[in-house]
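The values are calculated or read from the model by the stated rules, or taken from the named source; none is laboratory data. None of the values given here were measured: they were computed from a predicted structure. Reconstructed Cβ throughout: ideal geometry from the backbone, glycine too, with neighbour counts over all protein chains shown. To get the accessible areas, we keep the full protein, side chains included, count just its heavy atoms, and leave off ligands, DNA and RNA. Shrake-Rupley method; radii C 1.70, N 1.55, O 1.52, S 1.80 Å.
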Amino acid sequence: MSDERLVLTRGDITQVQADAIVNAANSTLLGGGGVDGAIHRAAGPGLLAECRTLGRCPPGEARITGGHALPAKHVIHAVGPVWQGGSSGEETVLARCYRRAFSLMEQHGLGTIAFPSISTGAYGYPIERAARIALREILAALQRMPTLQRVTVVLFSDRDLDVYQRARQALEPTP
Ligand code: AR6
């Protein structure tokens, strides 16, 4: 059965109101391009100042900060894997990003979250594969966490949204 708490949409994650938005960060947590750059620009310098207190974050891990000037209350900074062909543990590391984000939500009592498509930009992860892993982890979290009210995946193009919608249909067929 289709879980209505999962929403796939096209848009800009910096505009999303949620308890947390997820940033596709790098290990320095000090900003970069892509969605990371957009989040830091929209959140203002307070976010970078808070990130400086955190130290490095290895791939497959995540850290939580405040949302600063964003409409979201928190930012969960997750570091995805760099795609190296698929036989260097990329799938495990990507899955762990999603799991770590959900465990931070549990620890902080958060109910709504929005994810970008982690690793599928600068880090080169093929989006069809990444979508399967992301949605598998999200659907598993929705099943085990009754406190999750809404999980939104915010895709940056119509094509990316289409890839996620197809992957969802394969994992969660609707009649
Ligand atoms: N809202 C939603 N999605 C976005 C937005 C936005 N405002 N901007 C870009 N995307 P990327 P990665 C999409 O490269 O592959 C950074 O420099 C984008 O189209 O942001 O995990 C970090 O500092 C793509 O689908 O993240 C790291 O060094 C997706 O977000 C590195 O890039 C992820 O693309 C991380 O690479």
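As an exercise: evaluate Leu135 against (1) part of a helix (DSSP H, G or I); (2) over 14 Å from the mean Cα position of the chain (by Cα); (3) within 16 Å of the ligand (Cβ to nearest atom) and give the number of the one condition it does not meet.
Here Leu135 meets the rest and fails (2).
Going by the conditions given, is Arg96 within 16 Å of the ligand (Cβ to nearest atom), open to solvent by 60 Å² or more (accessible area, probe 1.4 Å) and closer than 30 Å to Ala49 by Cα?
Yes; evaluated as a whole, the condition is true for this residue.
Collect the residues in segment 1-46 that are over 15 Å from Ala62 (Cβ atoms), open to solvent by less than 30 Å² (accessible area, probe 1.4 Å) and β-branched (Val, Ile, Thr), keeping them in residue-number order.
Ile13, Thr14
For segment 56-71, indicate whether the set of residues that are polar (S, T, N, Q) and loosely packed, with under 15 Cβ neighbours inside 10 Å is non-empty.
Among the residues of segment 56-71, not one is polar (S, T, N, Q) and loosely packed, with under 15 Cβ neighbours inside 10 Å, which makes the answer no.
Among the strands (runs of 3 or more DSSP E) contained in segment 1-87, which hold 2 or more residues that are within 12 Å of the ligand (Cβ to nearest atom)?
Here the list reads 6-10, 20-25, 74-79.
Of everything in segment 106-123, what is near the ligand (Cβ under 7 Å from one of its atoms) and open to solvent by less than 40 Å² (accessible area, probe 1.4 Å)? Give them in sequence order.
Correct list: Pro116, Ser117, Ile118, Ser119, Thr120.
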